[in-house]
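So the structure is just underneath, and the comments pick up after that.
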Amino acid sequence: MPIPLQKLFTYKITEAEAEFLKVGMRVAVPFGKSKIFTGLVFKIHQNEPTAYKAKEIHQILDDEPIVTSRQLEHWKWISDYYMCSLGDVMRAALPSAFLLESETLVLKNETFQYEENLNDEEYLIYEALQHQSVLKIQEISKILNKKGVLTVINQLIAKGVIVLKEEIFQQYKPKLIKYIRLNKAFDNKKNLSDLLDNLKRAKKQREVILHYFSLQSQTQKSIKLKTLQKSSNISSAVINALVEKNIFEVYTIQTDRILFDKETNVLKELSEEQNIALTEINASFETNDVSLFHGITSSGKTEIYAHLIQNVLDSGKQVLYLLPEIALTTQIITRLQVFFGDRISVFHSKYSINERVEVWNNLKQNKNKAQIILGARSSVLLPFSDLGLIIVDEEHETSFKQFDPSPRYHARDTAVVLAKIHHAKVLLGSATPSVESFFNAQQKKYGYIKLDRRFGNVSLPDIELVNIKEKHRKKRMTGHFSDRLLKLIQEALENKEQVILFQNRRGYSPIVECTTCGVAPQCPNCDVSLTFHKYRNELRCHYCGYHRSLPRTCPACENPTLDTKGFGTEQIEIELQSLFPEAKVGRMDLDTTRGKYGYQKIITSFQEHEIDILVGTQMLTNGLDFNNVTLVGVLNADNLLNFPDFRAHERSYQLMVQVSGRAGRAQKRGKVAIQTFNPYHQILQQVTTNSYDEMYKDQINERHVFHYPPLIRLVKITLKHKDFTKVNNASEWLGKSLKNNFHENVLGPTSPAISRIRNLHIKTLLIKLPKNRSIQQSKQIIQNIKNSFQSIGEFRSVRFIVDVDNY
């Protein structure tokens with residue numbers, strides 16, 4: 001059931017139901033006193049539960065399973081490995097339209113007579129029930145014109161005025177398109193001739209029929225009602241009159257909400273280096289189930305993927321193409337659709353519930369339109385029937401890891417297990433592989449293929465480090481731009497070339513501070529300062545969404561001396577507009593890409609050269625391909641390097657190499673300018689020389705010394721509660737219990753950098769599990785400690801979150 005309870009529940013069924021039911025079907029089941037949930041049949045058995053009496057199921061919701069047995073095996077692995085409930089995995093995997101929920105209906109009690117005992121609000125509901133036999137909770141809210149109606153409902157139940165009933169409702173509505181056709185009686189020429197004669201006076205009706213024949217002769221296809229209405233320019237009332245007279249018939253056809261063009265082109269010819277890489281990948285697949293493809297930026301990895309996909313499709317199997325960012329799916333759809341037409345389906349969170357249900361059904365039925373699934377991390381949970389290949393593009397990306405809510409899975413690792421269940425192959429592709437994947441390749445656990453030449457023999461960009469410490473000293477900074485970066489932007493614009501600028505912080509300014517007393521406005525719900533967004537002239541918390549208008553005076557000393565510290569993408573956009581008034585400046589961050597087509601609009605505008613300079617956050621760094629970009633600027637590299645995380649240096653290297661890879665992807669060599677206060681930093685030097693191997697050696701040595709992945713496993717435990725004392729006491733108790741079992745391998749309890757979010761105080765503990773220690777045993781110990789923790793009355797209300805591989 002879609003609830004976070006660790007165990008499965010047994011329900012009673014009849015013999016007839018037992019013959020009909022199959023594993024993977026949905027059933028409506030009663031749970032608790034009155035609620036009805038959507039349950040999923042996991043197992044059919046004869047063992048009666050001893051701890052409770054099995055209830056009967058409410059009803060069977062499907063004619064055939066909506067979840068496959070392989071899927072359930074995969075979900076079970078996720079549940080066991082990531083220490084979450086199967087209900088959590090089910091809720092994350094199933095489109096919410098499949099999770100039928102019960103709705104509370106209010107009915108009148110026929111035996112009630114004492115209406116004089118009711119107050120005004122109660123009488124309003126009682127009176128409404130005299131006219132209407134059933135009311136929904138929302139309808140009662142409208143009658144009383146207020147949201148909180150439960151008190152009134154409880155009073156009515158106590159007085160015996162009403163009874164409650166739970167009803168299940170279906171959320172998914174298939175898309176039906178109305179078509180129109182002539183009644184079969186008029187297939188006869190004589191009948192048709194008589195009809196037209198009879199309609200001589202009804203000129204508009206006669207006109208519609210003639211228009212219908214005109215359309216039919218042009219298209220030779222079924223005619224949509226809307227098409228006839230639009231092309232004949234006649235009102236729906238005229239057509240409805242013909243339908244009432246049984247001259248026309250209206251019928252509906254179910255269709256998918258998202259349809260791609262069927263036209264396809266032949267695959268592009270590969271270069272000599274690409275062909276060698278493709279041969280090596282196929283050879284690696286002979287001996288390895290998982291292979292790491294290390295191809296530098298702009299080496300043409302997508303074209304190689306296309307050839308691999310074609311080979312798998314020819315063998316009659318399905319392909320899953322995983323991408324970290326929804327922004328990337330937009331461009332990759334366009335590139336792959338050219339070759340594979342309508343065989344592609346897309347699945348990610350920006351799609352509506354109904355669109356996701358259609359992809360699910362098409363994939364489960366192995367339809368031709370769902371042979372290639374292109375999507376973000378949640379795509380690994382789909383019902384594949386015959387999977388042949390999984391491509392994890394930009395496999396190093398942290399977006400593949402789900403942090404909240406549960407299940408906290410990593411799509412890359414989950415995809416490897418999914419492939420094993422289907423006996424499929426996995427290709428992990430990246431220009432900057434994660435240390436974990438490269439380590440596995442070095443240990444011969446994965447195959448390894450390297451492609452170190454750009455397509456068309458284009459040179460790698462020339463990377464220049466700009467020392468802004470010196471520039472500040474010599475007063476050569478204009479706002480947040482050095483004179484060198486401004487000169488490079490000017491040159492690119494003069495040559496009608498495009499520029500990408502990277503700043504990994506959205507908003508205008510992360511801190512607003514009073515220059516008189518030093519006070520910065522804080523979020524009332526979180527331990528973090530509010531970020532200033534100039535566009536709306538408001539202060540906003542990026543953790544809980546709290547916002548308020550920017551005060552004119554300091555809230556502490558009431559002096560009008562508020563100033564901004566630091567800078568985000570919005571401030572860079574405004575500065576560029578004043579520095580280069582002739583240029584068109586665009587911005588790509590979470591604030592500008594909230595809509596369904598937000599990414600698409602910005603990427604298309606940039607491709608069409610409607611934007612000259614694009615400012616953006618991390619979503620700009622991977623996989624995007626713009627031929628006319630010759631300059632990339634990183635405005636502050638030090639923010640990335642000084643982040644308190646054991647992967648900060650690795651991530652900084654990956655981000656800067658990836659964003660540099662957006663420059664000079666056509667014939668002209670690109671330029672990259674990285675502004676920093678410390679140009680002699682080891683990582684920055686490695687970025688300028690593109691020395692991945694050096695970076696890997698340094699990182700693996702550090703992790704060996706300090707015991708971090710991939711040499712050990714990490715399990716992070718987070719405790720949250722509104723009461724600081726309670727969460728503090730709970731963390732102390734938990735720390736002692738864990739140290740009794742894991743000894744020096746436990747770090748904490750500590751407060752994280754932001755120790756309160758949404759009014760919940762946070763404490764964290766980190767467990768380092770050596771590779772030689774059984775992961776299953778360790779997890780069992782953690783689970784036992786969690787059970788003991790939750791059995792203590794004082795700690796029962798403290799949220800206990802386990803995150804396996806929390807990086």
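Could you rank 578, 232 by how accessible they are, 1.4 Å probe, largest area first? Write down the numbers at each step before the final one.
On the way: 578 90, 232 10 Å².
Accessible-area ranking of 578, 232, largest first: 578, 232.
Using a probe of 1.4 Å, the accessible surface attributed to residue 356 totals some 60 Å² when neighbouring protein chains are kept in position. Can you classify the range 1-60 as rounded, prolate or oblate using the Cα gyration tensor, where a ≥ b ≥ c are the square roots of its eigenvalues, rounded means a/c under 1.5, and otherwise it's prolate if a/b beats b/c and oblate if not? Note, shape of the range 1-60 comes out rounded. Projected over every direction and averaged, the convex hull enclosing the alpha-carbon atoms of the range 116-163 yields 3.1 nm².
Backbone amide hydrogens, once placed in the peptide plane, bring residue 755 within less than 5 Å of 527, excluding anything fewer than 5 places away on its chain.
At the residue level, residue 3 shows approximately 30 square angstrom of accessible surface with a 1.4 angstrom probe and all protein chains present.
Taking amide H atoms as placed 1.01 Å from N in the peptide plane, the amide H of residue 543 has no partner under 5 Å among residues 5 or more positions away or on other chains.
Give me the log10 of I(q) over I(0) for the chain at q = 0.09, 0.11 Å⁻¹, as the Debye formula computes it from C-alpha points; what are the numbers? Evaluating at q = 0.09, 0.11 Å⁻¹ gives log10 I(q)/I(0) of -1.12, -1.46. Which of the three applies to the range 400-446, rounded, prolate or oblate, going by the alpha-carbon gyration tensor with a ≥ b ≥ c and a/c under 1.5 meaning rounded? Taking the square roots of the gyration eigenvalues as a ≥ b ≥ c, the range 400-446 is oblate.
Taking all protein chains into account, the per residue accessible area for the range 10-60 stands at 68 Å² (1.4 Å probe). Sorting the segments 530-539, 475-484 by their residues' average number of neighbouring beta-carbon atoms within 10 angstrom, most packed first, yields 530-539, 475-484.
Just reorder 702, 272 by solvent-accessible area, largest first, 1.4 Å probe, all chains present.
On the way: 702 85, 272 135 Å².
Largest accessible area first, the list is 272, 702.
Counting alpha carbon pairs within less than 8 Å and at least 6 residues apart, what relative contact order, in whole percent, applies to the chain?
On the way: 1399 pairs, mean separation 81.5, N = 807.
With pairs under 8 Å counted, the relative contact order is 10 percent.
The Cα center of the range 356-382 and the Cα center of the range 428-491 differ in position by 35 Å.
Here the 3J(HN,Hα) profile of the range 53-69, calculated from phi with Karplus coefficients 6.51, -1.76 and 1.60 at θ = phi - 60°, is 8, 5, 8, 7, 6, 7, 6, 8, 9, 10, 8, 9, x, 9, 10, 8, 5 Hz, Gly and Pro shown as x. Accessible area per residue (1.4 Å probe, heavy atoms of protein chains only) ranks 771, 189 as 189, 771, with the largest value leading. When the chymotrypsin sites (Phe, Trp or Tyr not before Pro) in the range 548-622 are filtered for DSSP coil states and for at most 13 other beta-carbon atoms within 10 Å of their beta-carbon, the remaining sites are 597. How large is log10 I(q)/I(0) at q = 0.10, 0.18 Å⁻¹ when the Debye formula is applied to the Cα atoms of the range 360-482, each weighted equally and without solvent? Ignoring solvent entirely, the Cα scatterers give -0.52, -1.03.
Would you kindly give the portion of the calculated P(r) for the range 267-417 that falls above 23 Å, as a percent of all Cα pairs?
Cα-Cα pairs in the range 267-417 separated by more than 23 Å: 35 percent.
At a Cβ-Cβ separation cutoff of 4.7 angstrom, cysteine residues of the chain with no neighbouring cysteine are 84, 544. A cut-off of 5 Å between modelled amide H atoms, ignoring neighbours fewer than 5 places along the same chain, links residue 568 with 509. So for the chain, taking the charge dipole from beta-carbon charges (+1 Lys/Arg, -1 Asp/Glu), which of 176, 128, 75 sits furthest toward the positive end? Value: 128. Of the chymotrypsin sites (Phe, Trp or Tyr not before Pro) found in the range 34-81, the ones in coil according to DSSP and having at most 10 other Cβ atoms within 10 Å of their Cβ are 52. Each Lys or Arg adds one and each Asp or Glu takes one away; over the other residues whose Cβ falls under 14 Å from the Cβ of residue 387, this sums to +2.
The values are calculated or read from the model by the stated rules, or taken from the named source; none is laboratory data. As the structure is a prediction and not an experimental result, all values here were calculated from the model. Glycine gets a Cβ as well: all are built from the backbone with ideal geometry, and neighbour counts include every protein chain shown. For the accessible areas, the whole protein counts, side chains as well, though only heavy atoms, and no ligand, DNA or RNA atoms are used. Shrake-Rupley method; radii C 1.70, N 1.55, O 1.52, S 1.80 Å.
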